[in-house]
Amino acid sequence: MSRIIIVDTDRTASAPNQQQLFQAGYECQVLTCPEKALNFLSTELIDLVISEVNLPAVQGRAFIQRASQRFAMPIIAWSDFVHSEQRTQTYRLGADLCLTKSSNSNELLASVYAMLRRVSIEQQRKHLVSADMQFNQRLKRLPLTTTEMDLLNYLLQRSGDAVSKIELQQRVLQREYSPFDRNLDVHISNIRKKMIKTGLNMLLIKTVRGVGYRFELPK
């Protein structure tokens, strides 16, 4: 479960957003003191920060700047932006995304999902499992789409096991399996083609007849 903190001196105003994030499956806390929030980030593993910009005594801007310099998690700046220059200044402080409080609440939820997905993809690229470093580097250089990377990582994590098409459809592509749906096969074919272009053996991903696919690390 991804962990999120909201930094805002008005706990009541942030309560609906906290509840929405909780209902979406995220662990979310509201911290009303920017200084305490920085101390919290230094001791806890947090995946995303949502911070009000216009806190008293420019604490919001100072918090965003200091947090972006010290920690690697993404920051969504959440405020009543009046003009583009305010957004530009906030991005310069280190925010990854600026949203206005007048935005539809679903936009905040969608933005949180997108930011965390981006972080997840970046982490996957850094941790592709391989027994051989050179092989690992070649895998990471594959020009894969997001979906292709998700599929490859899932097969890598289950390396040596036959993974059914039903499982791949539901767990990775997030759609119900249909024997007439060729979407999964097309993605696997594209991964194999890209492997060939980079000098890798397309048979690293083997077809298991009547089941699905299996990734086999080179011996």
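Quick notes on this structure:
- Seen from Gln29, the other residues with C-beta closer than 10 Å to its C-beta sum to a net charge of -1, counting Lys and Arg as +1 and Asp and Glu as -1.
- Distance distribution note for the chain: the fraction of Cα pairs above 33 angstrom is 35%.
- Net +/- balance of residues flanking Gly160 in space, Cβ distance below 10 Å, scoring K and R +1, D and E -1: 0
- Against the empirical 2.2 N^0.38 Å (N residues), the stretch 127-215 has a Cα radius of gyration ratio of 1.03.
- Whole-angstrom Cα spans of the stretch 1-57 along principal axes, big to small: 33, 26, 13
- Per-residue Cβ neighbour rank within 10 angstrom, fewest leading, Glu176, Glu148: Glu176, Glu148
- The chain - mean residue ellipticity at 222 nm from DSSP helices (-39,500 (n - 2.57) per run, n ≥ 4, rounded to 500): -15500 deg cm²/dmol
- Pairwise centroid distance, computed over Cα atoms, of the stretch 18-77 with the stretch 164-219, Å: 39 Å
- Val53 sits among other residues whose Cβ lies under 9 Å from its own Cβ, and their net charge, with Lys and Arg +1 and Asp and Glu -1, is -1.
- Cross-link reach list, aspartates and glutamates versus Lys36, counting only Cα pairs under 13 Å and skipping chain neighbours closer than eight places: Asp8, Glu44
No lab work stands behind these numbers, since they all come straight from the coordinates. Just so it is clear, the model here is predicted, and its values are computed rather than measured. With ideal geometry, Cβ positions are generated from the backbone for all residues, glycine too; neighbour counts draw on all protein chains shown.
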